[in-house]
Amino acid sequence: MQLRRLMAMVVVVLFTVGSTLAQGPKKNVGRNVPLPPLAAEKEEPEPRGLEDDDQFALSIDVDLVQFDVVVTDSHNNPVSGLQREHFTITEDKVEQTITNFSPTDTPMTVALVIEFGDTIGYYTSDVVEPAAGFINSLRDDDWAAIVAYDIRPEILTDFTQSKDELFSGLRRLRFPAYRETALYDAVHFTLERLENIDGKKAIFLLSTGFDTISKHNYGEALRLAEGSDTMIYSVGMGQLYRTMYSDRMGGLESISYLQAENVMRSLANASGGAYFFPRFSGEYRGIYELVAAHMRNQYSLAFIPTNKKKDGKLHKIKVEVPRMDVNGDGKLDKLKVRHKKGYRAREG
């Protein structure tokens, strides 16, 4: 009887662990900080001794703002080899002192967020093939997860370094069930969970940009993206449809497509990522290769703000680099710097 009860308890524990959302990879990237539990999973802390030092992290309340930066040339190619003195940071137009600087060639953590709704008749080439191509571009030490959404976001594959597991998640995308889409909820859901993960992070967003049923609104998703350490690389789907049928669209339908594109563009810009609007499936390969190149050629910058106000507001950040001859043609090239738009000071 006791043996039976014990076996039942083991089954319950295994089921619970398997169905709980993983918090992401625990990697030694940047600071060696164990991942905190999600808000819904927090439990009362248990007494612990010094013998647990392998899981113990000292938390120091220092107002250090750290973020990643991508520098590109006029052809959108990443520029490497820059030094600390090439960068200037301003916060709300006030110059700041760079306290930490390093090029980052560390493993990346990516969440593929995929719209899979019965909206404009997607085919495999619109969804599965681009996602599969991006998965193939990952390195063995990268981490990735797949989140699909229609009326709600659903984790198809949680964070893993196994491409086989990621491909298994993609195989679940067979028949769209709903016409409604919850883009803002999916972005909000994914950004919140990536917030608990250290290191270099991004969202690879495959979406039309339409939202019909989210509980969160556009402003909430945008504000979260602005202050997030996660870059959003948005890829607009449905461009071929729009190109083929633009002459049959009415004014309202055309405007709705323009608004959807603006959503994808603004989410990328706010987070320091990039946006793409391919018209043919053949363009996807160049897109995910470029995204991977951008993520692997970043710079990590940090500063301690001179503005000590704890107002909970967005403090805008701007990073600039001077013109430089990066292609060796004797002419100074104007470089573009991408990064998140700011950070939100903790209220206190």
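Every read-out reported here was derived from the displayed coordinates using simple, explicitly stated rules and does not represent laboratory data. Since the model is a prediction, treat every value here as computed from it, not as a measurement. Every residue, glycine as well, gets a Cβ built from its backbone with ideal geometry; the counts of neighbours run over all protein chains shown.
Quote the FRET efficiency, to the nearest 0.05, computed for LYS309 versus ASN76 with a Förster distance R0 of 45 Å and r equal to the Cβ-Cβ distance.
Computed FRET efficiency for LYS309 and ASN76: 0.80.
Which order do the peptides 168-174, 143-149 come out in when sorted by mean C-beta neighbours inside 10 angstrom, highest first?
143-149, 168-174
Hey, can you grab everything whose amide H is under 5 Å from the amide H of ILE213? Only 5+ residues off in sequence or another chain; H modelled, so Pro and N-termini drop out.
Amide H neighbours of ILE213: THR181, LEU183.
Would you list which lysines come within 20 Å of LYS215, measuring only between C-alpha atoms, while excluding same-chain residues fewer than 8 positions from it?
Correct list for LYS215: empty, as no lysines qualify.
Gain in length, ARG323 to ASP140, computed as 0.36 nm per residue apart minus the alpha-carbon separation, to one decimal in nm? Present the calculation step by step, with values, prior to reporting the outcome.
Values: separation 183, 0.36 × 183 = 65.88 nm, distance 3.58 nm.
Stretched fully, the ARG323-ASP140 segment lengthens by 62.3 nm.
From the gyration tensor of the Cα coordinates in segment 108-245, what semi-axes in whole Å does the equivalent ellipsoid have, largest first, with each one equal to sqrt(5λ)?
Result for segment 108-245: semi-axes of 22, 19, 13 Å.
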